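Accompanying notes for the structure given below.
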Amino acid sequence: MSNDLIEVLILGSGPAGYTAAIYAARAGLNPVLYQGNQPGGQLTITNDVENYPGYPDGINGPQMMVDFQKQAERFGADIRNGLATAVNFKSYPFEVTIDEEKTIKAKSVIISTGASAKWLGLESEQRLNGKGVSACAVCDGFFFRGQEVVVVGGGDTAAEEATYLSKLCKKVHVIVRRDEMRASVIMQKRVMNTQNIEVHWNTETVEILGEKEVEGVRVVNNITREESVIPATGFFVAIGHKPNTDIFKGFLDLDENGYIKTVAGSTYTNIEGVFAAGDAQDHVYRQAVTAAGTGCMAALDAERWLAAREEVLS
């Protein structure tokens, strides 16, 4: 057990965590940030980021996260390697275990552990990730203007991604495993009523074709077992995200999909002194700029909460 009592402990990096660290450090709160098992978050697997304000020529995702980290460190944030593996929010100060071996105490905690995209598990999917394979149409659709792309999934996320891409791309192929979509009726209607969207029913992906970039997708019909190739330069996986919040179960209020519930208009959770920012609590927008915004909010909420607590104690 470490005897150090941390003023603001931030769990997870990425835009939310690093922004929280910048604001907390500038407020003189000596934040400590543990980067988690993917320092920089999902942007580290994004080659080009063109929709974040302030980068008129775009920026490489990993480099962007390096810049965020350097800015936080410039103001004195303590950035550490390590993954939070357990928490105890029922006692105060809060206790957090890092890498299953070191337990630290904190006066306040900002959770920015993010969410991970669900993947199909194909070797070609992993190999071509960032080279035509993406899990975010809003992030990467712009790069496929006038081209043919594939969207995998049958839920609302897939329907939204396909509809969004249809406005940019020449043609959008939607691959659905069953003979119907799980998406809401209104979203299904949008897909069916969009001329340049073609739905491939009872179909699954066998392999994404291409050596250095996506060139096509080999699929199989679940009923006839017949294989075919769909020409495409983009492959969007839209089968959902999983928030990285398992260790908070039993302490924080989570929704049915595991996202942390926060008080509307704030980053407050159901436990005073614990705040949540970024994709761990946002299943709607999931953008770097919105994550950074909530990271700012979390740091300000933590600062004000700590100040109010000190006033009460004094």
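For R177, state whether it is touching a residue at least 40 places away in the same chain (Cβ under 8 Å) and either more than 26 Å from G278 (Cβ to Cβ) or assigned to a loop (DSSP other than H, G, I, E, B) (or both).
Against the criterion (touching a residue at least 40 places away in the same chain (Cβ under 8 Å) and either more than 26 Å from G278 (Cβ to Cβ) or assigned to a loop (DSSP other than H, G, I, E, B) (or both)), R177 qualifies.
In the stretch 179-219, how many are basic (K, R), modelled with pLDDT of 95 or more and under 15 Å from I239 (Cβ atoms)?
Counting residues in the stretch 179-219 that are basic (K, R), modelled with pLDDT of 95 or more and under 15 Å from I239 (Cβ atoms) gives 0.
Of (1) modelled with pLDDT of 95 or more; (2) within 25 Å of N193 (Cβ to Cβ); (3) crowded, with 16+ Cβ neighbours inside 10 Å, T157 satisfies all except one. Which?
Just one mismatch for T157, condition (1).
Got a number for residues in the stretch 69-96 being touching a residue at least 12 places away in the same chain (Cβ under 8 Å), surrounded by fewer than 18 Cβ atoms within 10 Å (Cβ to Cβ) and closer than 15 Å to V8 by Cα?
Matching residues across the stretch 69-96 total 6.
Can you name the condition, by its number, that F275 falls short on among (1) surrounded by fewer than 21 Cβ atoms within 10 Å (Cβ to Cβ); (2) at pLDDT 95 or above?
(1)
Give the residues of the stretch 203-259 that are among the aromatic types (F, W, Y) and under 30 Å from I10 (Cβ atoms), sorted by residue number.
Listed by number, the residues that qualify are F248, F251, Y259.
Of V214, V219, which residue is of a type in the set (V, I, T), out of contact with any Phe, Trp or Tyr (no Cβ under 7 Å at 6 or more places or on another chain), outside the structural domain of S91 (by TED's automatic domain parsing) and surrounded by 14 or more Cβ atoms within 10 Å (Cβ to Cβ)?
V219
So R286 fits all but one of (1) basic (K, R); (2) surrounded by fewer than 19 Cβ atoms within 10 Å (Cβ to Cβ); (3) touching a residue at least 12 places away in the same chain (Cβ under 8 Å); (4) closer than 25 Å to Q71 by Cα; what number is the exception?
With respect to (1) basic (K, R); (2) surrounded by fewer than 19 Cβ atoms within 10 Å (Cβ to Cβ); (3) touching a residue at least 12 places away in the same chain (Cβ under 8 Å); (4) closer than 25 Å to Q71 by Cα, R286 is out only on (2).
What's the number of the only condition in (1) without any contact (Cβ under 8 Å) to a residue 24 or more places away in the chain; (2) in contact with a Gly (Cβ under 8 Å, 6 or more places away or on another chain) that K167 fails to meet?
Answer for K167: the failing condition is (2).
Tell me, which residue of the stretch 134-154 that is among the charged types (D, E, K, R) and not in a loop (DSSP other than H, G, I, E, B) is surrounded by the most Cβ atoms within 10 Å (Cβ to Cβ)?
Going through the qualifying residues, I end up with D140.
Which residues, counting only those in the stretch 21-67, are β-branched (V, I, T) and either in contact with a His (Cβ under 6 Å, 6 or more places away or on another chain) or within 24 Å of F144 (Cα to Cα) (or both)?
T44, I45, T46, V49, I59 - these are the residues of the stretch 21-67 that are β-branched (V, I, T) and either in contact with a His (Cβ under 6 Å, 6 or more places away or on another chain) or within 24 Å of F144 (Cα to Cα) (or both).
The values are calculated or read from the model by the stated rules, or taken from the named source; none is laboratory data. Please read all numbers here as calculations on a predicted model, not as lab measurements. Quick reminder, even Gly has a Cβ in these numbers, built from the backbone with ideal geometry, and neighbours come from all protein chains shown.
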